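**Q** Below is the structure I would like to discuss, written out as structure tokens.
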Amino acid sequence: MLKEYALLALLWAAYCAAHSTLITVPVTGFFRRVSGDGFRFYRLLFNIFSLGTLVPLVSYSHSNRWSTALIFAWDGSLRGVQWAFVAVAVLLVIAGARHYSLLQFLGIRQLRRDGGRGAMTESGEFDCSGVLGLVRHPWYTAVFLFLWARDFNFAGFTVNVVLSAYLVVGTILEERKLILEFGDRYREYQDRVSMFVPLKWILRLGNRRTEKAGSRAGNANSRKEILR
């Protein structure tokens, strides 16, 4: 049975590797040079390939051969944590949809002669407003939450680990392309905003509160000195 789990992990890893390779700068650059104006179809064909290879893999991963006992279930008091994960994920999807272009994501907007930018924002330009000021990739954070906010057996755990690793690697590759497109603006954005979890935003918020508390304490001391 261990070999079957290893095969399951290998199949998902191969899918993720192929998916990531096809969006790397060398590969997209090669197809851009070879296809010329036809490169505007690349994103659409990439999505069709990704979906076409994903469906049989998901079907295999959920077949009866993996019907084993759960190794983790969101029961009892943990049920509230599960629903909190789902709620946050849904909010991130909705908030991200206010900035991202679905047509760009699907590869439809690129079919126009003027094509599309590398960024998936609605304008195609660099955007760090709204939820993008909390985390750089709200939709990927939502995927993380959806992946782990479910009961899973060992097969599901195996798939979750592979996909989680892929999200990190794929995001790093995507950000390399964004740096090439936006340069120092995106590097500054990386320094200021966290990738998946809004730790930098939380730290800034905490620093502001500390500064305000210090300022109020200083003003209070000044008033006391005047009264003396």
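The values are calculated or read from the model by the stated rules, or taken from the named source; none is laboratory data. Just so it is clear, the structure is predicted and the values come from calculations on it, not from any experiment. So basically every Cβ, Gly included, is an ideal-geometry build from the backbone, and we count neighbours across all protein chains shown.
**Q** Can you name every residue in the range 197-206 that is touching a residue at least 24 places away in the same chain (Cβ under 8 Å) and part of a helix (DSSP H, G or I)?
**A** W201
**Q** Follow-up question, since we're still on this one. Among the residues of the range 1-22, are any over 22 Å from A165 (Cβ atoms) and touching an Asp or Glu at 6+ places or on another chain (Cβ under 8 Å)?
**A** In the first step, residues of the range 1-22 are kept if they are over 22 Å from A165 (Cβ atoms); the result is 1.
Now restrict to residues that are touching an Asp or Glu at 6+ places or on another chain (Cβ under 8 Å): none.
No, the range 1-22 has no match at all.
**Q** If you don't mind, there's one more thing I want to ask. Before we move on, is A119 modelled with pLDDT of 95 or more, assigned by TED's automatic domain parsing to the domain that holds F39 and either surrounded by 15 or more Cβ atoms within 10 Å (Cβ to Cβ) or charged (D, E, K, R) (or both)?
**A** Values: modelled with pLDDT of 95 or more: no; assigned by TED's automatic domain parsing to the domain that holds F39: yes; either surrounded by 15 or more Cβ atoms within 10 Å (Cβ to Cβ) or charged (D, E, K, R) (or both): yes.
No: the conditions fail for A119.
**Q** Just to be sure I understand the filter: pairs with C-beta atoms under 8 Å, separated by 6 or more residues or on different chains, first member in the range 185-196 and assigned to a helix (DSSP H, G or I), second member of a type in the set (A, V, I, L, M) and buried (at least 18 other Cβ atoms within 10 Å of the Cβ). Which pairs pass?
**A** Listed by first residue and then by second, the contacts come to Y186/L178.
**Q** Somewhere in the range 83-90, is a residue in contact with a Phe, Trp or Tyr (Cβ under 7 Å, 6 or more places away or on another chain), over 24 Å from V161 (Cβ atoms) and assigned to a helix (DSSP H, G or I)?
**A** No, the range 83-90 contains no residue that is in contact with a Phe, Trp or Tyr (Cβ under 7 Å, 6 or more places away or on another chain), over 24 Å from V161 (Cβ atoms) and assigned to a helix (DSSP H, G or I).
**Q** Look at S61 and say whether it is in contact (Cβ under 8 Å) with a residue 60 or more places away in the chain, assigned by TED's automatic domain parsing to the domain that holds H137, hydroxyl-bearing (S, T, Y) and surrounded by 13 or more Cβ atoms within 10 Å (Cβ to Cβ).
**A** Yes; evaluated as a whole, the condition is true for this residue.
**Q** Suppose we keep only residues that are part of a loop (DSSP other than H, G, I, E, B) and touching a Phe, Trp or Tyr at 6+ places or on another chain (Cβ under 9 Å) within the range 91-116. Which one would you say is surrounded by the most Cβ atoms within 10 Å (Cβ to Cβ)?
**A** First, pick out the residues of the range 91-116 that are part of a loop (DSSP other than H, G, I, E, B): 98-99, 101, 107-108, 112-116.
Remaining after also requiring touching a Phe, Trp or Tyr at 6+ places or on another chain (Cβ under 9 Å): 107, 115.
Working: G107: 18, G115: 14.
So, considering only residues that are part of a loop (DSSP other than H, G, I, E, B) and touching a Phe, Trp or Tyr at 6+ places or on another chain (Cβ under 9 Å), the one surrounded by the most Cβ atoms within 10 Å (Cβ to Cβ) is G107.
**Q** Residue by residue through the range 71-90, note down the ones that are surrounded by 14 or more Cβ atoms within 10 Å (Cβ to Cβ) and either under 23 Å from S129 (Cα atoms) or under 21 Å from the mean Cα position of the chain (by Cα) (or both).
**A** Of everything in the range 71-90, those that are surrounded by 14 or more Cβ atoms within 10 Å (Cβ to Cβ) and either under 23 Å from S129 (Cα atoms) or under 21 Å from the mean Cα position of the chain (by Cα) (or both) turn out to be Q82, F85, V86, V88, A89.
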